[in-house]
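The values are calculated or read from the model by the stated rules, or taken from the named source; none is laboratory data. A quick note: this is a predicted structure, and the numbers were derived from the prediction, not measured. In this analysis, Cβ positions are derived from the backbone assuming ideal geometry, glycine residues included, and neighbour counts consider all displayed protein chains. All accessible areas refer to the heavy atoms of the entire protein, side chains included, with ligands and DNA or RNA removed. Shrake-Rupley method; radii C 1.70, N 1.55, O 1.52, S 1.80 Å.
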Amino acid sequence: MDDRTIERRTFLQTAGLAALTAAGIVPFEALAQIAVPNSSGTERPRLKAPPLACDCHHHIYDTPRFPAVQRPEPNASVREYRLLQHRLGTTRDIVVTPSAYGTDNRVTLDALSQLRAGINAIGVAVIHPTITDTELATLAESGIRGIRFSLNGSPNGNKPVTTLDMIEPLSKRINALGWHVQINESGEQILAAEALWNRIPTPIVFDHMGHIPQPVGTNHPSFALIRRLIDKGRTWVKLSVTYDNTKDGPPTYADVTKVAQAYVQAAPERMVWGSNWPHPNEDNKPDDAVLFDLLAEWAPNEATRHRILVENPSELYFSNKV
């Protein structure tokens, strides 16, 4: 079976399920299993998501409507993402412009318009210092609340479209908007730029647990640095599993679990959770229900999980009314 046949079958299944549920014939709540493109497995997680639970990191790829400037992932539409929401039980989300689109944020803005920007969804854009104040204001009105700096190349050959020297001047420009900077770098890169993190005025959000190198884990000096930054009150960490922050992998993800547990124990008030769907650069897509269930190990206390999934995202993303 070739890729086009698989994609067509997935589309027909997704479209058929959406039509039946929209008509009220098959409510999502009654489905024990939900197949989601770019995700393995079909069962719901054992962990029940609370109302207003937020997935704080995912991407949308819609290349038929918004051509990518670099090699894109397989299509990952808003309609398909909604299937993931129904499977996991989350109702709010943060859409992050992926590297394949460079500084073209149209795919993210379009997704926000479908997902109820400012109410259920917030966006994180990728920009250059050449952006005008008028363009920044337009992004804010569309639901953007942060800018991302992804400074690593990817296994598929995509190159970084932003640089380290862009962070400080852009941080100063967006500070008045109440935005944050989101950093996607290796632990070694984060450590090397320690002086920068202490200078910039905006809040900082580190993607994917700061990509703490394994198997060193919490003994790596980048973990200690991020902890010091958290203690200063302006730094947040996204709890999420990626292809490059775990060597143990499924089903236990034991190495990344130790890092997550250390973060949660130290500063639960500065943690948010993200699916990282559609799992860029991963040929073998993980089971999103398994990833969500890891939260029960990372934060065994229900009140702490509620804070990570509900209160913390509300403070970081949804409290800023522009």
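For the stretch 110-162, a residue qualifies if it is open to solvent by 20 Å² or more (accessible area, probe 1.4 Å) and of a type in the set (A, V, I, L, M, F, W, C), and the qualifying residues are 117, 119, 131, 137, 151, 161. So is residue 107 within 21 Å of residue 36 (Cα to Cα) and open to solvent by less than 40 Å² (accessible area, probe 1.4 Å) or not? Yes, satisfied. Taken over the stretch 48-69, the criterion of being touching a Gly at 6+ places or on another chain (Cβ under 9 Å) and within 20 Å of residue 285 (Cβ to Cβ) is satisfied by 55, 56, 57, 58, 68. Within the stretch 41-59, identify whether any single residue is modelled with pLDDT under 95 and within 19 Å of the chain's Cα centre (by Cα), and answer yes or no. No: the stretch 41-59 contains no residue that is modelled with pLDDT under 95 and within 19 Å of the chain's Cα centre (by Cα).
Being modelled with pLDDT of 80 or more and of a type in the set (A, V, I, L, M, F, W, C), is that true of even one residue in the stretch 14-29? Show your work before the answer.
As a first pass, look at the stretch 14-29 and keep what is modelled with pLDDT of 80 or more: none.
No, the stretch 14-29 contains no residue that is modelled with pLDDT of 80 or more and of a type in the set (A, V, I, L, M, F, W, C).
Under 9 Å by Cβ, and 6 or more places apart or on different chains, what pairs join a residue from the stretch 105-118 that is at pLDDT 95 or above and β-branched (Val, Ile, Thr) with one that is assigned to a helix (DSSP H, G or I) and crowded, with 17+ Cβ neighbours inside 10 Å? The qualifying pairs are 107/101; 108/101.
Pairing each residue of the stretch 307-322 that is under 25 Å from residue 138 (Cβ atoms) and open to solvent by 70 Å² or more (accessible area, probe 1.4 Å) with any residue that is modelled with pLDDT of 95 or more and assigned to a helix (DSSP H, G or I), provided the two are 6+ apart or on different chains, yields C-beta distances under 6 Å for 322/140.
Scanning the stretch 77-104 for residues that are open to solvent by less than 30 Å² (accessible area, probe 1.4 Å), under 14 Å from the mean Cα position of the chain (by Cα) and touching a residue at least 40 places away in the same chain (Cβ under 8 Å) yields 81, 84, 90, 92, 94, 96, 97, 98. Annotation note: Cβ proximity below 8 Å between a residue of the stretch 202-216 that is of a type in the set (Ser, Thr, Tyr) and a residue that is part of a helix (DSSP H, G or I) (sequence gap 6+ or interchain) occurs for 202/171; 202/174; 202/175.
Residue-by-condition table, conditions (1) at pLDDT below 95; (2) open to solvent by 10 Å² or more (accessible area, probe 1.4 Å); (3) part of a helix (DSSP H, G or I); (4) in contact with a His (Cβ under 6 Å, 6 or more places away or on another chain):
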position: 258; (1), (2), (3), (4): no, yes, yes, no
position: 261; (1), (2), (3), (4): no, yes, yes, no
position: 265; (1), (2), (3), (4): no, yes, yes, no
position: 281; (1), (2), (3), (4): yes, yes, no, no
position: 285; (1), (2), (3), (4): no, yes, no, yes
